[in-house]
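All remarks here apply to the structure that follows.
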Amino acid sequence: MSMQQILFDKINAAISCSVLDVVNESHMHSRGEDSHFKVIAVSESFSGQRLLQRHRTINAILAEELANHIHALAIHAYTPEEFAERQNEAPASPSCLGGSKFD
């Protein structure tokens, strides 16, 4: 199973999302391994939570992968209303500055 699918499945099992997208952005970076991802999660469960709480939730779900496999993870966590205000789009990910914890 691909790392992208593992991330999707773990988040999907833990949080009820109306939108969940895990994008493999590894091709945008110097190394060919599956190590750069963007998560777009839209959930009612984020209502009343600050951004930091939302990120901590996803980081906790993916703790093993973050510790051992992932170099970069961009998290975009919204309520359905916030996502609609953004016209159902998350911002583009920044360019990687290089390097890897796996070197």
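The values are calculated or read from the model by the stated rules, or taken from the named source; none is laboratory data. Computed from a predicted structure; not experimentally measured. Only protein heavy atoms, including side chains, enter the accessible area calculation; ligands, DNA and RNA are left aside. Shrake-Rupley method; radii C 1.70, N 1.55, O 1.52, S 1.80 Å.
Accessible surface computed residue by residue for the chain, with neighbouring protein chains in place and a 1.4 Å probe, gives 58 Å² per residue. Taking 25 °C and 0.890 mPa s as conditions, the range 1-68 diffuses translationally at an estimated 193 µm²/s according to Stokes-Einstein applied to its Kirkwood radius (Cα pairs). For the chain, the 222 nm mean residue ellipticity estimated from helices alone, with every DSSP H stretch of n ≥ 4 adding -39500 (n - 2.57) and the total spread over all residues, rounds to -9500 deg cm²/dmol.
The angle between the Cα long axis of helix 51-61 and the main principal axis of the chain comes to about 60°, on a 0 to 90 degree scale. Rounded to the nearest 10 degrees, the angle from helix 3-14 to the longest Cα principal axis of the chain is 30 degrees. Split the accessible area of the chain by element, probe 1.4 Å, and carbon with sulfur accounts for 50%.
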